[in-house]
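Take a look at the structure below.
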């Protein structure tokens, strides 16, 4: 496949979208063929995208808190908590407040 891409790239204009796509793939060739060497490697990043979606949505929602500073602090804390959860780190061992305590602090600040 790589030989075919190299041969056909030479036939295309440098500004052609197909040539740009071929260049993109050739520049990342080692990453592209990694799944051939290791069957555990997934061809798409959909699983990673689904895993971080709740974190990104939650962090964005906290920016609409009553006080701007409280929203930013809560967004940062939410990110820390979700990162700990995704890493299977116990939140209780970190000594972080629960979500109800965070909500109370944000409102009373």
(request) Can you tell me which of 17-23, 74-80 comes out highest on packing, and rank the rest after it, using the mean Cβ neighbours within 10 Å? (result) 74-80, 17-23
(message) Suppose the chain between residue 31 and residue 19 were pulled fully straight at 0.36 nm per residue; how much longer would it get relative to their current alpha carbon spacing?
(response) 2.4 nm
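Every number in this text was worked out from the coordinates using simple rules, so none of it is lab data. From a predicted model like this one, the values you see are computed outputs, not experimental measurements. Using ideal geometry, Cβ is built from the backbone for each residue, glycine included, and neighbour counts are taken over all protein chains shown.
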